[in-house]
Amino acid sequence: MGWVYLAIAAVLAAVFLRADVQLLDLVFDAQVWWSSAAALVLLGVLIGGWLTGRKTAPANGRWAFWGGSAVVLLALVEYTVEWNARTALGRNETVILSAASAEETAFHVINGENGLYRTRVALGGQAVEVLVDTGASLVLLNANAAAALGIETDNLSFEAELSTPAGPLRVARLTLDELNVGPGIRLTDVPAAVSQSRDHPNLLGASALNLMTSVTIRGNQMTLRKDP
């Protein structure tokens, strides 16, 4: 039965020590339940053959051969699946990962005051207070807030006009590359407008709210939700 042991050892060595596959690195963390079970059966057969002596050696040899084959086959199948999953990038394959695997859903709860919901938005590390206005079409900033956020108002062209409850307002339209709402919601490519006026309230309008996954109001709380 010695040749059986040698054959099994040679095949296993070839499988686990191949430099291009490096299956040995996966042994310690792969979930190889079926091949592990087969290995235990094979081990039992070999120990039984050693304990019973030479009279049952031919039968044990056959069991050892088929058991070893099962171990190798199952290990190859399981390791190949795991290896393919781990080395797709190494083979220059296109892999699309869900954003949810890297990021988490963000929530921002705003407590209302007299029916008004105020929060803070940040741009470039600077923050200003805004009023959440579901009726406003854009994120609207007054001149002071725009300057505080690092927007160079001198280079803006105030040629557009917005209708407000107080009357028409001359504004400059722009797109904010990034806008952080509250402590954890990040929006990108947000349409906005800046006015020359320095005293009207800053508004968080539909151009930002439409980028949220949901905006809900329950009781005196508004919850902004942004999925990855």
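For the stretch 134-168, how many residues are open to solvent by 80 Å² or more (accessible area, probe 1.4 Å) and free of Cβ contacts under 8 Å to residues at least 60 places away in the same chain?
Qualifying residue count, the stretch 134-168: 9.
Name, by its number, the condition in (1) open to solvent by less than 80 Å² (accessible area, probe 1.4 Å); (2) among the small types (G, A, S); (3) outside any loop (DSSP other than H, G, I, E, B) that does not hold for S197.
(3)
Pairs please, first residue from the stretch 201-228 and surrounded by fewer than 18 Cβ atoms within 10 Å (Cβ to Cβ), second anywhere and outside any strand (DSSP E or B) and among the charged types (D, E, K, R), Cβ atoms under 8 Å, 6+ apart in sequence or on different chains.
Pairs that qualify, where the first residue is surrounded by fewer than 18 Cβ atoms within 10 Å (Cβ to Cβ) and the partner is outside any strand (DSSP E or B) and among the charged types (D, E, K, R), are T213/D227; P228/E103; P228/E104.
Working only within the stretch 125-163, note down all residues that are touching a Lys or Arg at 6+ places or on another chain (Cβ under 6 Å) and part of a loop (DSSP other than H, G, I, E, B).
Within the stretch 125-163, N142, F158 qualify.
For the stretch 176-194, which residues satisfy the criterion of being in contact (Cβ under 8 Å) with a residue 40 or more places away in the chain and in a strand (DSSP E or B)?
Let us first name the residues in the stretch 176-194 that are in contact (Cβ under 8 Å) with a residue 40 or more places away in the chain, namely 176, 178-186, 190-194.
Within the stretch 176-194, L176, E178, L179, N180, V181, I185, R186, V190, P191, A192, A193, V194 qualify.
Quick check on L169: is it assigned to a strand (DSSP E or B) and in contact with a helix residue (DSSP H, G or I) (Cβ under 7 Å, 6 or more places away or on another chain)? Before the answer, list the steps.
Values: assigned to a strand (DSSP E or B): yes; in contact with a helix residue (DSSP H, G or I) (Cβ under 7 Å, 6 or more places away or on another chain): no.
It is false that L169 is assigned to a strand (DSSP E or B) and in contact with a helix residue (DSSP H, G or I) (Cβ under 7 Å, 6 or more places away or on another chain).
The values are calculated or read from the model by the stated rules, or taken from the named source; none is laboratory data. Just so we're clear, the structure is a prediction, and the values are computed from it rather than from any experiment. As a convention, Cβ positions derive from the backbone with ideal geometry for all residues, glycine included, and neighbour counts pool all protein chains shown. The protein model used for the area step is the full one, side chains on, heavy atoms only, and it has no ligands, DNA or RNA in it. Shrake-Rupley method; radii C 1.70, N 1.55, O 1.52, S 1.80 Å.
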